[in-house]
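These notes are about the structure you will find just below.
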Amino acid sequence: MKIRKSVFQGSGVDGDFGWMIRQPEYARSLFVFNDNESQFNAFHEGKPSGLSGGGGNAVIRPHQGSKPQRAAGVPTGDHVGYSELSPQIKQTIDRAIEYIKELLKSGDYDEVVISYDPIFDTIGAGIFNPHPSVKKYIYESLMAIQ
């Protein structure tokens, strides 16, 4: 599976997930966005709040409800970014990664698009800015999907 590393550089251009997901060249792309734990859990429990748009790249959260699903969240915090990579947080992230792997088995996707920080070689994160160990763990887990 191809992983496309996308760097946010402004609105209406590559890197802007809200814009990209509407472009025809990304019709077979699964976008992985930085989710908060509450709405991640709500989505997986079938609650409507799990489909409401958020800030940053979580603007695409509603696309989790499309058929085929076009977006999938990986928690990076809840009210603030995770301050450490505890066993419980690692388990939550692993649950998200396993869900993404299951989606990819459908054959509906040619690539996975992730937010990328080229300076630190991790996922890109702006709003919550979780601990670097969290960003690195998510990034390495996503890259292992290939």
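We did not get these values from a lab; they are worked out from the coordinates using the rules stated. Remember, predicted model here, so these are calculated numbers, not experimental data. As a convention, Cβ positions derive from the backbone with ideal geometry for all residues, glycine included, and neighbour counts pool all protein chains shown.
Before moving on, here are some points about what is shown:
- Computed label-point distance, nm, for sites residue 120 and residue 79 using a 7 Å Cα→Cβ extension: 2.3
- Here is how the number arises for the chain: DSSP H runs of 4 or more residues each give -39500 (n - 2.57), the sum is divided by the residue count, and the result at 222 nm is -8500 deg cm²/dmol.
- Sparse-neighbour loop sites [trypsin sites (Lys or Arg not before Pro); segment 49-126; at most 11 other C-beta within 10 Å; DSSP]: 105
- Longest segment of the chain lacking GluC sites (Glu not before Pro) that sit in a DSSP loop with at most 15 other Cβ atoms within 10 Å: 85-146
- Dipole of the chain computed with +1 at Lys/Arg Cβ and -1 at Asp/Glu Cβ about the Cα centre; of 66, 76, 126, farthest Cα towards the positive end is 66.
- Residue 129-residue 28 FRET efficiency (beta carbon distance; Förster radius 30 Å; 0.05 resolution): 0.45
- Top of 16, 121, 108 by mean-square fluctuation, Gaussian network on the chain, Cα under 10 Å: 121
- Share antiparallel - DSSP beta bridges, the chain, percent rounded to 5: 15
- Stokes-Einstein translational diffusion, segment 34-97 - Kirkwood Rh over all Cα pairs, 0.890 mPa s, 25 °C, in µm²/s: 208
- Compactness index (Cα Rg / 2.2 N^0.38 Å), the chain: 0.94
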